[in-house]
Amino acid sequence: MKALPGAPHIHWRAADLFIEGVSADALAAAHGTPLYVYSRRSMLEALAGYQRALAGRRHLVCYAMKANSTLAVLQTFARAGCGFDIVALGELERVLAAGGDAAKVVFSGVGKRPDEMRRALEVGVKCFNVESEAELATLSGMAMSMARRAPVSLRVNPDVDARTHPYISTGLKGNKFGIAHDQALAAYRMAARLPGLDVVGIDCHIGSQITEIGPYLDALDRLLDLIEALEGEGIAIPHLDLGGGLGITYTDETPPDAELLVRQLLARIDARGHGHRELLFEPGRSLVGNAGILITEVLVTKRGSEKNFCIVDAAMNDLMRPAMYGATMAIVPCALRDGEPELWDVVGPVCESGDWLGRDRALVVEPGDRLAVLSAGAYAMSMASNYNSRPRAAEVMVDGERAVLIRERENIAELFAREHLVD
């Protein structure tokens, strides 16, 4: 067996691609394409890196479920002891439906509605990660109207460059997220005065797909400086939430191992005398990204004067990252063919020039073959749409030799079941 980069449980057995103990081609034959497939063992092994580093400390790993919010994925992490980082009411209800504990939920997001605040207070979330002074006032008022106190942490924007794609960099002054570092002290003073709030922590999240340790250490130092200033004023900060954002291997990236990253952060925390605090982390992509693939079938091969096009049945509505970010994701056949590879642009059938999954890929491919887009466990199904009135794909979870259908494929009638014609 030969594992693929970043995905030890997605591997070759001779000429066939396997997810754990199940053939990718067999799954596609049984469930159709496009098809998302996830390795449960890959998810749990990625989580174990965080858990090993944090063993013996008060901590909570909150899975950032925007990466993949499918119920069976949430169930997997809930059973492994995780909390959840949410950004919307629908995500909270998904956590509860999957058996997650509301008391392990942190509610992030730059624009929480009053009804979302109310529901989160009703079920008793662990913390609201607040991102503005206006939100502090609204949340305090809501809590008071319910005769409750809302636990709050302020998301501080440390103005640290995560050195990632500008769309997923969130810790700079020009980003919409968080409270500016130089305004955080005043915001905390306000939070401490408001009668409906309890200050329970501090939070930051500087971006996504980060492949270096340096930006994390820079952000940590700025947070610790702020904690020391706050506690000098008598405002206690029981927990420290360092967010998520650790990158994965899509092609040739070499992000630090999660356990190494956390241990380096802990060493800095201890060296500065803050090891007694509860520690929160919010990994998303690094837990699920390399655990998933998107299987697609080749419909047509089309040779042109400048480009060869391999047209497949998956499209930008199934995988938005290439069109949105120009993301490069590895694409491999589900069964190897003999022959000389040619360069192909792998594209979908959607009526957009931006509908591509990979450019200039060296493949030996014919119509009817199946391809797998790797590292599709994060921001694939969770960003999927019905553009061009295309039903969303099915999802399968593999655990050893067992494969379970965890989401049925949408059908055409479901696409307009809630619509109404006018008289």
Check: Using only the Cα atoms of segment 108-283, what do you get for the radius of gyration and for Dmax, in Å?
Finding: 16.3, 53
Notebook entry, point to check: In terms of modelled amide H atoms, which long-range or inter-chain residues lie less than 5 Å from the amide H of Val130?
Noted result: Ser153, Leu154, Arg155
Next item on the list: Divide, for segment 328-402, the radius of gyration over alpha carbons by 2.2 N^0.38 Å, where N is the residue count.
Entry: 1.25
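Net charge near Met146, counting Lys/Arg +1 and Asp/Glu -1 over other residues with Cβ under 12 Å of its Cβ?
Details: positive: Arg118, Arg119, Arg148, Arg149; negative: Glu122.
After counting each charged neighbour, the total is +3.
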Checklist line | Within straight-line cross-link reach of Lys307, aspartates and glutamates at Cα separation under 14 Å, skipping those fewer than 8 residues along the same chain | finding: Glu342, Asp345, Asp360
Item checked: Neighbourhood net charge (11 Å Cβ-Cβ; Lys/Arg +1, Asp/Glu -1) for Val350 -> -3
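Which order do the peptides 327-333, 59-65, 182-188 come out in when sorted by mean C-beta neighbours inside 10 angstrom, highest first? All intermediate terms of the calculation are to be shown ahead of the outcome.
On the way: 327-333: 18.9, 59-65: 25.7, 182-188: 17.0.
Highest to lowest by the protection proxy: 59-65, 327-333, 182-188.
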Next item on the list: Could you tell me which of the pairs Lys66/Lys126; Lys2/Lys302; Lys66/Lys112 are separated by over 23 angstrom between their Cα atoms in the structure shown?
Entry: Lys2/Lys302
Checklist line | Karplus-derived HN-Hα couplings along segment 133-138 (A = 6.51, B = -1.76, C = 1.60, θ = phi - 60°), whole Hz, x at Gly and Pro | finding: 5, 4, 5, 4, 5, 5
Note to self: Looking only at the chain, where both bridge partners belong to it, what percent of the DSSP beta bridges are antiparallel (to the nearest 5)?
What the structure shows: 50 percent
Note to self: Along its three principal axes, how long is the chain when you only count alpha carbons? Whole Å, largest extent first please.
What the structure shows: 71, 63, 42
Next item on the list: Can you find, among Gly234, Val160, Pro215, the residue farthest towards the positive end of the dipole of segment 108-283? Put +1 on the C-beta of Lys and Arg, -1 on that of Asp and Glu.
Entry: Gly234
Notebook entry, point to check: Roughly how many Å is it from the Cα centre of segment 365-408 to that of segment 6-74, as a whole number?
Noted result: 13 Å
Item checked: Karplus (6.51, -1.76, 1.60) ³J(HN,Hα), θ = phi - 60°, over segment 75-87, in Hz, Gly and Pro reported as x -> 4, 4, 6, 4, 5, 8, x, 6, x, 9, 9, 10, 9
Check: What does the charge dipole of the chain about its Cα centre add up to, to the nearest 20 debye, if the Cβ of each Lys and Arg holds +1 and the Cβ of each Asp and Glu holds -1?
Finding: 800 debye
Item checked: Within the chain, helix-based [θ] at 222 nm, where runs of 4 or more DSSP H residues each add -39,500 (n - 2.57), nearest 500 -> -8500 deg cm²/dmol
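Every number here is computed from the coordinates shown, using simple stated rules; none is lab data. The structure displayed is predicted, hence computed values, not measured ones. Cβ: placed from backbone, ideal geometry, glycine included. Neighbour counts: every protein chain shown.
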